[in-house]
Amino acid sequence: MKAVILAEDALAPGARLWRDAVDHLARKLGRVAPLDPSSISDDRCLGLAQLATWAGDDASSWEVELARFYEEHIPVYMRPDPALNGVIRHLSSAGARVAAWSPGPPQVGAIVTHFLGIARRLELERVEPDHAGPVHLIAEMGLEPPDALVVSASPPVITAAAAAGAETAGALWTGEDRDQLLAARPRYLAEAPPELLTLTA
């Protein structure tokens, strides 16, 4: 295995942070154009598109506000995972190329990887609100899908990666529903980050 692509949802649990960030946007920016938080999908690839439609031409302000919320509140929701950080260090030292994908918006992916202490060990970080983002990242690295393992807690991301021919691992350590991940039929199902070392050996 030449590369490991880590989706943001495999780095740390982020569902509650996303929901609270959307609630914050509704309170802070919803005075002019009301925003019903329940209308925004829990799936960030879909939710970001819905927010862009809500904001219209004023997209930059909500993205900046969302990033500010993440930066100010991320310590409440996420913690660096020594086991995952150790796996990333081991993979890098063993010669594997390690990269990360985030659905975005642009500032948020960097905030997460920096806070978790893994940014400097990543070859690339790609932000793209598309379930096929990890596949596009593989191409950006000059590799073919079968050369990489895509690790994600998102069934649509697993499905898109598998359809492109990449190896896939469903990440259970961030709290994703096992049955939903199994329904996406990942090649592997990993209970904890150290299992990735076996999958990439």
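What follows draws every value from the coordinates through simple rules; no lab data is involved. Everything numeric in this text was worked out from a predicted model, so none of it was measured. Note: ideal-geometry Cβ built from the backbone for every residue, glycine included; neighbour counts use all protein chains shown.
Helix-only estimate, please: 222 nm mean residue ellipticity of the chain, summing -39500 (n - 2.57) across DSSP H runs of length 4 or more and dividing by its residues, to the nearest 500. List each step's numbers first, then the result.
Working: 9 runs with 97 residues, N = 201.
When only DSSP H runs of four or more count, the value is -14500 deg cm²/dmol.
To the nearest 20 Debye, how big is the dipole of the chain about its Cα centre, given +1 on the beta carbon of each Lys and Arg and -1 on that of each Asp and Glu? Can you show the working numbers first?
On the way: 17 positive and 27 negative charges, 85 e Å.
Magnitude of the dipole: close to 420 debye.
Dividing the convex hull volume of the Cα atoms of segment 15-77 by its residue count, what figure in Å³ per residue is obtained? Intermediate results must be reported in sequence, preceding the final value.
On the way: hull volume 4.7 nm³, N = 63.
Cα-based convex hull of segment 15-77, divided per residue, equals 74 Å³.
Around G170, with a cut-off of 14 angstrom between Cβ atoms, what is the net charge of the other residues, counting Lys and Arg +1 and Asp and Glu -1?
Numbers: positive: R178, R185, R187; negative: D9, E167, E176, D177, D179, E191, E195.
Cβ neighbours under 14 Å give a net charge of -4.
So for segment 15-77, taking the charge dipole from beta-carbon charges (+1 Lys/Arg, -1 Asp/Glu), which of P37, A67, A52 sits furthest toward the positive end?
So the residue furthest toward the plus end is P37.
Among V150, V64, V108, determine the one that fluctuates most according to a GNM of the chain built with springs between C-alpha atoms less than 10 Å apart.
Evaluated over the chain, the most mobile residue of the options is V64.
Considering amide H positions built from the backbone, and no H for Pro or chain starts, which residues 5 or more places from E167, or on another chain, come under 5 Å of its amide H?
A148, V150
Could you estimate the translational diffusion coefficient of the chain from the Stokes-Einstein equation, with Rh from the Kirkwood formula over C-alpha pairs, at 4 °C and 1.567 mPa s, in whole µm²/s?
On the way: Rh = 17.1 Å.
The estimated diffusion coefficient comes to 76 µm²/s.
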